[in-house]
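The values are calculated or read from the model by the stated rules, or taken from the named source; none is laboratory data. Source: prediction; values computed, not measured. Counting neighbours? That spans all protein chains shown, and the Cβs are built from the backbone with ideal geometry, glycine included. To get the accessible areas, we keep the full protein, side chains included, count just its heavy atoms, and leave off ligands, DNA and RNA. Shrake-Rupley method; radii C 1.70, N 1.55, O 1.52, S 1.80 Å.
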Amino acid sequence: MAKNFKQGVAPAQRRTRGEEVYNVFNIIFFLLFAFICVYPFYYLIINSISNNSASAAGEVNWIPQGIHWENYKAVFALSGLSTAAFISAARTVIGTVLTVGASAFLGFMFTQEKMWGRKFWYRFIVITMYFNAGLIPMFITMKNLHLTNNFWVYVLPAIVQPFNIILVKTFVESIPHSLQEAAEMDGAGTLTVFWKIILPMMSPILATVGIFSAVGQWNSFQDTLIYMTDSKLWSLQYLLYTYINQANALAASVKASAGTAMNVAALATQQTPTSIRMTVSVIVVLPILFVYPFFQRFFVKGMMLGAVKG
């Protein structure tokens, strides 16, 4: 029985010395790569909660010093912060949903040979990637459309994105056309095919488009700078941008306390341009950073399938 057992089980393959060396270097390489990716965020966090004078002097690199939360208290005490956060969240959600929907539908329609003027409209959209009227004509257009000081200026201009449409179109072309033909033989129309057959299969590429759109909407602040004068419609990023620009004035306006010991204690939590930049960066980056892990598997698959024509 022992002999039969030995014959029935394949002997374990021993790794050669070269394979073991390769595995060690492979692990070390990816650990270093992961460290390079993670350390900038760690650096921002520890500097935002450390002694502000030490942070400004560049002394905080690995371990936080004199931990305090005054920087975050100062940022969260900003006037209009909750309204600005709501505007940014609303434009991100609404803008992403509309952009993903438009990209999905147009990407599908540009694969339909029976669409009237399909090649013309596709090229008409793609050519906008290479030509831009400029800032002044864009502002005049938005003003004539009554979109200045209007929430929808954040959403409407970003709905149709040529790059996203190209990704979706290429992805749809990789789906077997026989599925659509079978549905049409059963009496399904174009919209039925899109809604019930093609759209459920678009999850990877739509997740990719959704990440691109959400990150772009969340990080955008220039449209607020150009089109908005009403502070009630400022985005969170623009509000924090103005806060950073005022960093030097804010730091200089803090009154020193009486006595040497009090001065030293005050320097620990007295805001500096460096502490403000670090704190604002953490607040802006973390919300959108938490979104990516949930879409990572769709993102990788969508990029691979949407970038190469099947």
Quick one: which of 84-90, 28-34 comes out on top by average Cβ neighbours within 10 Å, and what's the full order, highest first?
84-90, 28-34
Rounded to the nearest 0.05, FRET efficiency between residue 244 and residue 146 (Cβ-Cβ, R0 51 Å) equals 0.95
Express the carbon and sulfur contribution to the solvent-accessible surface of the stretch 39-91 as a percent, rounded to the nearest whole number, probe 1.4 angstrom.
67
Provide the gained length on full extension for the span residue 222 to residue 163, in nm with one decimal, where the gain is 0.36 nm per separating residue minus the Cα-Cα distance.
19.2 nm
Could you work out the local net charge near residue 178, counting Lys and Arg as +1, Asp and Glu as -1, over the other residues with Cβ closer than 14 Å to its Cβ?
-4
Could you order 281, 235 so the one with the most accessible surface comes first? Probe is 1.4 Å.
281, 235
Gyration tensor on Cα atoms of the stretch 116-248, a ≥ b ≥ c root eigenvalues, a/c under 1.5 rounded, else prolate if a/b beats b/c, else oblate, says prolate
Quick check on packing: order 216-223, 141-148 by the mean number of other C-beta atoms within 10 Å, highest mean leading.
216-223, 141-148
Work through the residues other than residue 197 whose Cβ is under 14 Å from its Cβ and net out their charges, Lys, Arg +1 and Asp, Glu -1.
-2
Distance in nm between pseudo-label sites at residue 67 and residue 230 (7 Å out along the Cβ direction from Cα):
4.3
Total formal charge among the other residues, if their Cβ is under 14 angstrom from that of residue 278, Lys/Arg +1 and Asp/Glu -1:
-1
The correct ranking of 165, 67 by accessible area at 1.4 Å, largest first, is 67, 165
Here the gain from full extension of residue 196 to residue 288, 0.36 nm per residue of separation minus their alpha-carbon distance, amounts to 30.0 nm
Could you tell me whether the stretch 67-126 comes out rounded, prolate or oblate from its Cα gyration tensor? Rule is a ≥ b ≥ c as square roots of the eigenvalues, rounded for a/c under 1.5, then prolate if a/b exceeds b/c, otherwise oblate.
prolate
